[in-house]
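Trainee: A single structure is presented below for examination.
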């Protein structure tokens, strides 16, 4: 009993000492941090959804006013969709026709990946750092299912995968999409493509100071279909036979009713 | 105005889809065809995934054929026994077709197969129809009457076993070619999203020698039920029927069809057939163009779990 009390005392002493040391030298411990907040934790895709801009607000804590004034703080905000397996197919010419002949499967491809930055990526830090952090559409980890495949082919198909994702607007980059509103407050505007996949997306914010990565923070965002769309989709998946029956019934009724409404004779 | 398609998972323009349905409906009313062979390629040109275009096309065919089938039912110009035999074949063909569809989709060759089938079939049928209708136009100018049916003339089909009597058609013919024809139509319905009237009607007239007055009614009867069956099987196996898309096409379609039928009455039969032939050939050429011209991107992505 006594021994435990002593140990507790020692522990308390160490903690208070550490606290005193931190209070004495704040600039040494480099305590900047980054926070982000989403105005909503879910985005609903309604029947008139044609893409949207998502705004994320964030703040820097304990920012150095001098560094801020020189504009040496940089923020990158990423909205990453759920990872899914994807097949990339390549067409070649066979008997004059363009036919899918080669394919490569990747196991964990983020369905969407949109980036907003304060400046062009290459001006924030060097490409090596981004590669190490797997940050940016060019650097995300994409794992092939067949790891022993020909490296040149894998490089080709990985590049094609990124290119196709960019072409369909699912991978996007917005330079200047992050703006500082005050010394510590910033706003990131990210693009949600019209074909944005439903699921749990992750918003991540990265803070850089003088080209050095400082801190990261993240938040979850659920993208859902609205009530009707969701119900149709669910029914088609879970009660597919009844769904098919209903589709046929609808066709019968439409064809039959249309005959009365539009009959010209 | 945009609308989000829950199964295709994309935003499309409502006006474009209604107009597409109405235009195809107008043509189908004018020519007396189901219009599936136009709807499916048009949806593919509009960037709807082919798998969804085909299954939804089959659903739309039900709506566009039911009206015609009903009016033939009232007039009593359906041979139910022949129609039921064709339907039996259709169900077998459609089941096989949906299975082949799922298989081709998993190996990434579905789009190619759909295009090839369309080019081959529409090219052949369109070409034959064009030649036939031009001859008919020339004959009409020359003034020689011509009958489509040549009774008394027998071909190899009439030597097959398992003969069955079809009273309404005044036919005594083997069920083998009937069921085989139904199966081919069912197969095409499930892979191409067509009703198959453009193959069924000439086959009934020229191969089985069915009297022309019951041909269209019987063909429509079989098409309605084969397409309905195909829709249900696609919905169950592949989950590719987009009901919102189908409904928009149906509304445009049934409206357009009634006006098209009116317009069709003003044109002569052979002129109508020549126009239809040109239309069919145009669709075939457009699809062939996509097959033979280097695509903008050689690569395509397919998500494995979803569509």
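The values are calculated or read from the model by the stated rules, or taken from the named source; none is laboratory data. Everything numeric here is computed off the predicted structure, so don't read it as measured data. Here the Cβ positions follow ideal geometry from the backbone for every residue, glycine too, while neighbour counts run over all protein chains shown.
Trainee: Going through B:267, B:301 one at a time, which residue ends up being outside any helix (DSSP H, G or I), within 14 Å of chain A (Cβ to nearest Cβ) and over 14 Å from the mean Cα position of the chain (by Cα)?
Mentor: Details: B:267 fails: within 14 Å of chain A (Cβ to nearest Cβ).
Exactly one of B:267, B:301 is outside any helix (DSSP H, G or I), within 14 Å of chain A (Cβ to nearest Cβ) and over 14 Å from the mean Cα position of the chain (by Cα), namely B:301.
Trainee: State all residues of the range B:282-298 that are assigned to a helix (DSSP H, G or I) and farther than 17 Å from residue B:28 by Cβ; if no residue qualifies, say none.
Mentor: Keep residues of the range B:282-298 that are assigned to a helix (DSSP H, G or I), which gives B:282-292.
Hits for the range B:282-298 are B:284, B:285, B:286, B:287, B:288, B:289, B:290, B:291, B:292.
Trainee: Now for a separate question. If you take the residues of the range A:61-89 that are within 14 Å of chain B (Cβ to nearest Cβ) and surrounded by 19 or more Cβ atoms within 10 Å (Cβ to Cβ), which of them is farthest from residue A:183 (Cα to Cα)?
Mentor: A:89
Trainee: So, in the range A:105-114, of the ones that are within 25 Å of residue A:147 (Cα to Cα) and more than 10 Å from chain B (Cβ to nearest Cβ), which residue ends up farthest from the chain's Cα centre (by Cα)?
Mentor: A:108
Trainee: Within the range A:29-41, does at least one residue satisfy the condition of being in contact with a helix residue (DSSP H, G or I) (Cβ under 7 Å, 6 or more places away or on another chain), modelled with pLDDT of 75 or more and part of a strand (DSSP E or B)?
Mentor: There is no residue in the range A:29-41 that is in contact with a helix residue (DSSP H, G or I) (Cβ under 7 Å, 6 or more places away or on another chain), modelled with pLDDT of 75 or more and part of a strand (DSSP E or B).
Trainee: Still on this model: Please go through the range B:76-97 and give me each residue that is within 13 Å of chain A (Cβ to nearest Cβ) and surrounded by fewer than 24 Cβ atoms within 10 Å (Cβ to Cβ), ordered by number.
Mentor: Selection gives nothing.
Trainee: Right, here's the next one. Does the range A:132-144 contain at least one residue that is assigned to a helix (DSSP H, G or I), more than 14 Å from the chain's Cα centre (by Cα) and away from chain B (no Cβ under 14 Å)?
Mentor: Looking through the range A:132-144, at least one residue is assigned to a helix (DSSP H, G or I), more than 14 Å from the chain's Cα centre (by Cα) and away from chain B (no Cβ under 14 Å).
Trainee: Report those strands (runs of 3 or more DSSP E) wholly inside the range A:155-265 carrying at least 1 residues which are at the interface with chain B (Cβ under 9 Å from one of its Cβ atoms), within 30 Å of residue B:62 (Cα to Cα) and at pLDDT below 90. Spell out the reasoning first.
Mentor: On the way: elements: A:171-175, A:178-180, A:185-192, A:199-209, A:212-225.
Result: A:212-225.
Quick grid of which residues meet (1) touching a residue at least 24 places away in the same chain (Cβ under 8 Å); (2) within 20 Å of residue B:205 (Cβ to Cβ); (3) out of contact with any helix residue (DSSP H, G or I) (no Cβ under 6 Å at 6 or more places or on another chain); (4) part of a loop (DSSP other than H, G, I, E, B):
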{"site": "B:22", "(1), (2), (3), (4)": "yes, no, no, no"}
{"site": "B:28", "(1), (2), (3), (4)": "yes, yes, no, no"}
{"site": "B:38", "(1), (2), (3), (4)": "yes, no, no, no"}
{"site": "B:42", "(1), (2), (3), (4)": "no, no, no, no"}
{"site": "B:68", "(1), (2), (3), (4)": "yes, yes, no, no"}
{"site": "B:82", "(1), (2), (3), (4)": "yes, yes, no, no"}
{"site": "B:85", "(1), (2), (3), (4)": "yes, yes, no, no"}
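Trainee: Limited to the range A:145-154, what total is found for residues that are outside any helix (DSSP H, G or I) and touching a strand residue (DSSP E or B) at 6+ places or on another chain (Cβ under 6 Å)?
Mentor: Counting residues in the range A:145-154 that are outside any helix (DSSP H, G or I) and touching a strand residue (DSSP E or B) at 6+ places or on another chain (Cβ under 6 Å) gives 1.
Trainee: Conditions first: (1) over 30 Å from residue B:291 (Cβ atoms); (2) surrounded by fewer than 21 Cβ atoms within 10 Å (Cβ to Cβ); (3) over 17 Å from the mean Cα position of the chain (by Cα). Residue A:57 passes all but one, so which condition is the exception?
Mentor: Of (1) over 30 Å from residue B:291 (Cβ atoms); (2) surrounded by fewer than 21 Cβ atoms within 10 Å (Cβ to Cβ); (3) over 17 Å from the mean Cα position of the chain (by Cα), only one is false for residue A:57: (3).
Trainee: Looking at B:239, B:258 in this structure, which one is surrounded by 19 or more Cβ atoms within 10 Å (Cβ to Cβ), at the interface with another protein chain (Cβ under 9 Å from one of its Cβ atoms) and not in a helix (DSSP H, G or I)? Lay out the reasoning, then the answer.
Mentor: Numbers: B:258 fails: not in a helix (DSSP H, G or I).
Result: B:239 is the single residue among B:239, B:258 that is surrounded by 19 or more Cβ atoms within 10 Å (Cβ to Cβ), at the interface with another protein chain (Cβ under 9 Å from one of its Cβ atoms) and not in a helix (DSSP H, G or I).
Trainee: Of everything in the range B:85-110, what is within 18 Å of the chain's Cα centre (by Cα) and more than 29 Å from residue B:273 (Cβ to Cβ)? Give them in sequence order.
Mentor: B:88, B:91, B:92, B:95, B:96, B:98, B:101
Trainee: Could you check the range A:157-175 and list, in sequence order, the residues that are within 18 Å of residue A:122 (Cα to Cα) and touching a residue at least 60 places away in the same chain (Cβ under 8 Å)?
Mentor: A:174
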